[in-house]
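What follows is a set of notes on a single structure, which appears directly below.
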Amino acid sequence: SWLMNKKLAQKILEDTQANYNRNAEDFSRAREEMWSEADLLSDYINEGDNVLDLGCGNGRYFKALKDKELNYLGIDFSEKLINIAREKFSDCPDANFKTGDVLDLKLPESQFDLVYAFALLHHIPSRGLRLKFLREAKKVLKPDGKLILTVWNVWNFNRRKIIKNNLLKLIGLSQLDFNDIKTSYGGLDKVYVHCFKRKELKKLLEEAGFTAEKTGFLSRRNKEKANIFGVGKVLHNN
């Protein structure tokens, strides 16, 4: 079968978590500043919102929100990164951080006005689990709530590696799915990444029960189209 088996997907999730814990300090240091995602956030945030930050890492995007009157919760599977975030924002009573599993949120339904997940979805192995993640996010959103996603635009900076995996996959020598790679990036060593295209992100949002309000590219300092973004709005009728 072409699709990744569940056991492998589970192992990849565990490896990714270990990778982030192992490299938490370096990863966090490379991510002190907010990137263009912050501008995206400011377009969708309103005073008084309940905001959920999935894969919050060191909490750096809380900085974009802290002048607003909000209720903020950041969740990440890396205990080390959550500890860094708590320390960093220990003087902000509005910032709550906790270790948790984004594929099983265990949060009350219809609670948040805005959920965002920056650079997270591409680390989730298999299409089935990526959909599960989006449906978890949808469950905790209020009617009319919004989800903002960004993923690395790997096609822009590592096309050869993707093509190599796809060829190996075709001849049965890669256990990963098509458009998957393992790469060292931003302080992480050999981490699993699914390489999205913009259309695919849109389609996945729609399949999970969102209206894809907007999709596009974000540039970062010297990197054109470094990330792909998608904004989904919860559909009422399902």
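Contact list please: Cβ distance under 7 Å, first residue in the stretch 87-103 and more than 12 Å from G55 (Cβ to Cβ) and touching a residue at least 60 places away in the same chain (Cβ under 8 Å), second residue in a helix (DSSP H, G or I) and open to solvent by less than 80 Å² (accessible area, probe 1.4 Å), pairs at least six apart or on different chains.
Going by the 7 Å Cβ cut-off, there are no qualifying pairs.
Only one of (1) in contact with a helix residue (DSSP H, G or I) (Cβ under 9 Å, 6 or more places away or on another chain); (2) touching a residue at least 12 places away in the same chain (Cβ under 8 Å) is not met by D39, so which one is it?
The number of the failed condition is (2).
Check whether at least one residue in the stretch 24-33 is of a type in the set (K, R), at pLDDT 95 or above and farther than 18 Å from I124 by Cβ, and report yes or no.
Checked against the condition, which is being of a type in the set (K, R), at pLDDT 95 or above and farther than 18 Å from I124 by Cβ, the stretch 24-33 yields no hits at all.
Taking only pairs six or more apart or across chains, which ones have beta-carbon atoms under 9 Å, a first residue in the stretch 105-116 that is at positive phi, and a second residue that is surrounded by fewer than 19 Cβ atoms within 10 Å (Cβ to Cβ) and assigned to a loop (DSSP other than H, G, I, E, B)?
K106/G100
Does any residue in the stretch 139-153 that is polar (S, T, N, Q) come within less than 6 Å, Cβ to Cβ, of a residue that is buried (at least 24 other Cβ atoms within 10 Å of the Cβ) and part of a strand (DSSP E or B) six or more places away or on a different chain, and which pairs are these?
From the stretch 139-153, the pairs are T150/F118; T150/N227; N153/N227; N153/I228.
For residues that are closer than 19 Å to F157 by Cβ and within 15 Å of the chain's Cα centre (by Cα), scanning just the stretch 218-238, find the one that is surrounded by the most Cβ atoms within 10 Å (Cβ to Cβ).
I228
From the residues in the stretch 124-156 that are basic (K, R) and in contact with a Leu (Cβ under 8 Å, 6 or more places away or on another chain), which one is least open to solvent (accessible area, probe 1.4 Å)?
That would be R130.
Which pairs have Cβ atoms under 7 Å, sit 6 or more apart or on different chains, and link a residue in the stretch 121-134 that is farther than 15 Å from K11 by Cβ to one that is among the β-branched types (V, I, T)?
As it stands, the answer is L121/V151; H122/V151; H122/V193; R130/I124; F133/V102; F133/I124, since those pairs meet every condition given.
Here's the yes/no breakdown for (1) under 15 Å from the mean Cα position of the chain (by Cα); (2) within 27 Å of D15 (Cα to Cα); (3) open to solvent by 60 Å² or more (accessible area, probe 1.4 Å):
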{"position": "K202", "(1), (2), (3)": "yes, no, yes"}
{"position": "E207", "(1), (2), (3)": "no, no, yes"}
{"position": "A212", "(1), (2), (3)": "no, no, no"}
{"position": "G216", "(1), (2), (3)": "no, no, no"}
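The values are calculated or read from the model by the stated rules, or taken from the named source; none is laboratory data. Just so it is clear, the model here is predicted, and its values are computed rather than measured. Cβ sites come from the backbone with ideal geometry, for glycine too, and all protein chains shown count toward neighbours. Only protein heavy atoms, including side chains, enter the accessible area calculation; ligands, DNA and RNA are left aside. Shrake-Rupley method; radii C 1.70, N 1.55, O 1.52, S 1.80 Å.
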